[in-house]
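In what follows, a single structure is set out as structure tokens and then discussed.
What follows is calculated from the coordinates using simple rules that are stated; it is not laboratory data. What you see is a predicted model, and the numbers here were worked out from it, not measured in a lab. Positions of Cβ are generated from backbone atoms using ideal geometry, with glycine treated the same way; all protein chains shown enter the neighbour counts.
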Amino acid sequence: MKFGFSKSRLALAAVAAIGCSTLAIVPTMANAAGKTAGQYVAGDFHNHTTCSDGSISMQKLVKKVTDKTDGTFGLDWFVQAGHGGSGNRNCTLAEDASLSTPAYPYVAGKGPTTTWANSIGAAAIKGDGGGVAGNGNMWRWQSLQEFQYPLVEYLAAMKNQPMFLGLESVVAGHEHSSMSIITGQMPAALDGATLPNTPGYTALGNANALAQWSYCFDRGDGDKSRGNTTGSAIGNNWNCSVNGSNSAADPSWNVTAQKLMPASGAGVGTKGHLKTVEAIKWMAQNHANGSYYVPAHLERAGPFNPDGNNGFNVEHLRNFNNAGPDIAFGFETQPGHGASSDRGEYYPGRNNIGGAMVDSVGGTTWGGTGVYGAQVGGVWDALLGEGRNFWFFASSDWHNRGSFGPDDRRSTQDFYPGEYQRNYTMVRNGADKLRPQTIVDGLRSGNNFASSGQLIDRLAFVACASYAGPAARTNAQVEALAVAAATNNRAVEASGCATMGEKLVVRPGAEIVVTVVVRDPAGVNYSPYTFANPSLKQVGITQALNKPVLDHIDLVRGMVSGYKTPGAADYAGQWPNSWLVNPDLATVPAAAKNTTAAVIKTFSGNGGSAWTAVASGVDNSEFLKMTYRIPAVQASQYVRLRGSNLPAAVPFETDANGNPLADIHTNARTPSKLMIACTTVGTTEFNGCPAHLPVVNGQKMVANDVAAWSDLWFYSNPIYVQVNGSTVVAGVK
């Protein structure tokens, strides 16, 4: 149901509700449960500029994703995180005068694609092989430390918005991971700083710890200089050893570089994985509270390859979480690149492993999500079934618009951060500003949900214990808590209740009251397209692409059996390469599945499991509430949510049970597999099927950005229920 508010305006209203800027003052320091007060705020931690392989400057990206005017996307917090390794372009140079600032003025003829050599001079490029007589590339450690950090600090102070630097690491033994170390970044002294009104800016904080990690542990960093000026001992003089690990005795240890540098060829994947585990140990030892490590688009590069650098199997995620449970606390299984010809850039035969072409794990994405997160009973449920703190995240992975310029609303490649996918994270900042530490703490907590296409923008998800007698709880009592929380953009805070990322400890026989309250925001989202959703037209539903409606919510439950033991038969296992043609959990090894996981309730606007609409007393918007009671629990378990704009049995989109189908039939790489026609004829590129869609036998077919806007999902993180005398949920405090 739509109720008269723009999705875009509602997103901005949520920001306005917590202050005149996203560095907001919250009225109270603590709530009734004794926790620091907070709110759900939207952000993105994986995106690119020209300092790596993106197409725009730092200034333009920050403006596009944090401003709150038409054509921008109003995120509450933002982490700029390009690839590790090296790059040859200076992303701190702005495209045009509209992006000029006093400290970083626009320089005519010098834009963000200008090389480092042609802007700062080759002699200023440090480390091995980049500067004078080198290839002109700057190692990422120098870019982060000397150029990108001062700029992002300046922009954060100038805009009074929470931002910091991260990194999309090129992972030793694997593909990529989103990570950051916030130590040194955005110090409190910045609050009262006077910004310069002439060119030049000296940062108050630093990204030294992040830069050191990039030098020490990123697979793309072949520099041996220890972070020093070329050919000298002047500089950082970094040592990358890990306390308690015999780094110097490892065959991969390079004495000159003072870091592990696994040789390519046989065994490089295995050796690389061990280096990455060392990287997480290093973070835990040196920056335990100020870092995170979240594998990105982890199904894309195929399964793990012991002799190469490809994907991640379930055992590698377990190893990471074991090495740093407060650091490696989740995965980015809803990838960016949503408008690509292959959604998420996942596709069959993508990877050459041992001379054979191997699919991305799962073959493609499934409703825009990788199979590890999309498959009920798959890898994510296997990890949750151990009682691990392992959370679901999404990202934009912004690089460019593909066939279009960065200011075009159409895309054949990427969406901007906040435009399509958002992480909504509970950040407990009390009366303080949003700061990097509280944002990282929020991500770590698991109190986070991810939504595409602004399908929902508020969620209260709570499980409360109910016992016979005076401790009994009614549906109405729990729903009242959840409605108040969702209305105020808060988490439910009540004794005997838990929300996402938390565990509820109960006595055997307790009844668990699970309540969900969501806001499906009205009006238009950020889609530029006003014509009817072609996927839904197949089943007789007329619904504009820029006005999606939540169709249903699934409540998923799985049982908790405890941590698996490294080396045991059920600890390691590869997802089957046959999944695209035979998606059968019976083919999945025990290590990578949890057969107790299942959808136990589906809520929708119709039938016996209908939700109930409830008006908000704050902004007159409408929320949807729903409740399910789990009777007499005897064993530890968890519940989580997913929801979509698509009903069950939409051809080529969902199966008869409402599960997402493989996105192979909307991926333009293989035109013969395209199956959903786009038939609306318009007068513009936006009120009818656009010209960039692929044509098969004279018919435009759904693909690229139209496919993404047609097929929307949200996922919540789980709530654990630990039953006394049953398995302990060890990963959650």
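If you fit an axis through the alpha-carbon atoms of helix 7-17 and take the longest principal axis of the Cα set of the chain, what angle between them do you get, 0 to 90°, nearest 10?
That helix lies at roughly 80 degrees to the long axis.
On a straight-distance basis, which lysines could pair with LYS281 in a cross-link, Cα separation under 24 angstrom, same-chain partners fewer than 8 positions away excluded?
LYS224, LYS259, LYS271, LYS564, LYS733
With a 10 Å Cβ neighbour count serving as the proxy for reagent exposure, in which order, fewest first, do TRP713, TRP139 appear? Present the calculation step by step, with values, prior to reporting the outcome.
Working: TRP713 24, TRP139 28.
Placing the least packed residue first, the sequence is TRP713, TRP139.
Short version: ³J(HN,Hα) in whole Hz for each residue of the stretch 202-209, in order, from phi by Karplus 6.51 cos²θ - 1.76 cosθ + 1.60 (θ = phi - 60°), x for Gly and Pro, what are they?
9, 5, 7, x, 7, 10, 4, 5
Relative contact order, percent, of the chain when contacts are C-alpha pairs under 8 Å separated by at least 6 residues?
On the way: 1932 pairs, mean separation 105.3, N = 733.
It comes to 14 percent, rounded to a whole number.
Could you work out the relative contact order of the stretch 315-400? I mean the mean sequence separation of Cα pairs under 8 Å and 6+ apart, divided by the number of residues, in percent. Please report the intermediate quantities before stating the final value.
Values: 114 pairs, mean separation 31.2, N = 86.
So the answer I get is 36 percent.
Can you tell me the FRET efficiency between THR113 and LEU195 if r is taken as the Cβ-Cβ distance and R0 is 22 Å, rounded to the nearest 0.05? All intermediate terms of the calculation are to be shown ahead of the outcome.
Numbers: r = 27 Å, r/R0 = 1.22.
Here the calculated transfer efficiency is 0.25.
Among HIS48, HIS692, HIS316, rank each residue by its count of other Cβ atoms within 10 Å, from fewest to most, as a rough exposure measure. Could the numbers behind the result be given before it?
Values: HIS48 25, HIS692 19, HIS316 22.
With the fewest neighbours first, HIS48, HIS692, HIS316 line up as HIS692, HIS316, HIS48.
Could you tell me whether the stretch 347-420 comes out rounded, prolate or oblate from its Cα gyration tensor? Rule is a ≥ b ≥ c as square roots of the eigenvalues, rounded for a/c under 1.5, then prolate if a/b exceeds b/c, otherwise oblate. Don't skip to the answer; put the middle values down first.
Working: a/c = 2.98, a/b = 1.38, b/c = 2.15.
Cα axes put the stretch 347-420 in the oblate bin.
For the stretch 610-677, max minus min Cα coordinate along each principal axis, in Å, sorted largest first?
49, 41, 18
Going down the list LYS64/LYS275; LYS60/LYS593; LYS537/LYS601; LYS63/LYS673; LYS547/LYS673, which pairs span over 32 Å between their C-alpha atoms? Can you show the working numbers first?
Numbers: LYS64/LYS275 36 Å; LYS60/LYS593 43 Å; LYS537/LYS601 26 Å; LYS63/LYS673 38 Å; LYS547/LYS673 28 Å.
Too far apart for the 32 Å limit: LYS64/LYS275; LYS60/LYS593; LYS63/LYS673.
Mind checking the dipole of the stretch 478-606: about its Cα centre, +1 per Lys or Arg Cβ, -1 per Asp or Glu Cβ, Debye to the nearest 20?
80
Rounded to the nearest Å, what's the spacing between the alpha carbon centres of the stretch 70-92 and the stretch 269-329? Just the number, please.
Between the Cα centre of the stretch 70-92 and that of the stretch 269-329, the gap is 23 Å.
Measure nothing fancy, just the Cα-based angle from helix 475-487's long axis to the longest principal axis of the chain, in degrees from 0 to 90, nearest 10.
It is inclined by approximately 30 degrees.
Any idea what angle helix 436-445 forms with the longest principal axis of the chain, computed on alpha-carbon atoms, 0 to 90 degrees, nearest 10?
40
Among ASP584, ASP223, ASP397, rank each residue by its count of other Cβ atoms within 10 Å, from fewest to most, as a rough exposure measure. Numbers along the way, then the final one.
Details: ASP584 10, ASP223 25, ASP397 29.
Going from sparsest to densest Cβ surroundings: ASP584, ASP223, ASP397.
Which value at 222 nm does the chain reach when only helices count, each DSSP H run of 4 or more adding -39,500 (n - 2.57), with the total divided by all residues and rounded to the nearest 500 deg cm²/dmol? Mind dumping the intermediate values first?
Numbers: 12 runs with 114 residues, N = 733.
That calculation yields -4500 deg cm²/dmol at 222 nm.
Determine the gain in length on full extension of the stretch THR256-SER561; use 0.36 nm per residue of separation and subtract their C-alpha separation, reporting nm with one decimal. Spell out each step's value before the answer.
Numbers: separation 305, 0.36 × 305 = 109.80 nm, distance 4.65 nm.
Contour length minus Cα-Cα distance gives 105.1 nm.
Quick one: work out the % antiparallel among DSSP beta bridges in the chain, nearest 5.
Details: 85 of 101 bridges.
So the antiparallel bridges amount to about 85 percent of the total.
Please pull out the direction-averaged projected area of the stretch 213-323, using the convex hull of its alpha-carbon atoms, in nm² to one decimal place. Let's see the in-between values first.
Details: hull surface 30.0 nm².
Directional mean of the projected Cα hull area for the stretch 213-323 stands at 7.5 nm².
So what is the relative contact order of the stretch 338-380, in percent, for Cα pairs below 8 Å that sit 6 or more residues apart? Numbers along the way, then the final one.
Numbers: 49 pairs, mean separation 11.8, N = 43.
Once divided by the residue count of the stretch 338-380, the mean separation gives 28 percent.
Decide, for the stretch 536-653, between rounded, prolate and oblate: order the square roots of the alpha carbon gyration tensor eigenvalues as a ≥ b ≥ c, take rounded if a/c falls under 1.5, and otherwise choose prolate if a/b is larger than b/c, else oblate. Spell out each step's value before the answer.
Values: a/c = 2.81, a/b = 1.51, b/c = 1.85.
The shape class here is oblate.
Could you work out how far the C-alpha centroid of the stretch 100-163 sits from that of the stretch 409-476, in angstrom?
34
Classify the chain as rounded, prolate or oblate from the Cα gyration tensor: take a ≥ b ≥ c as the square roots of its eigenvalues, call it rounded if a/c is under 1.5, otherwise prolate when a/b beats b/c and oblate if not. If you can, show how the numbers build up before the last one.
On the way: a/c = 1.35, a/b = 1.26, b/c = 1.07.
It is rounded, given that a/c, with a ≥ b ≥ c, falls under 1.5.
Please report the base-10 log of the normalised intensity I(q)/I(0) for the stretch 289-350, using a Debye sum with one equal scatterer per alpha carbon and no solvent, at each q in 0.13, 0.20 (1/Å).
Values returned for q = 0.13, 0.20 Å⁻¹ are -0.40, -0.83.
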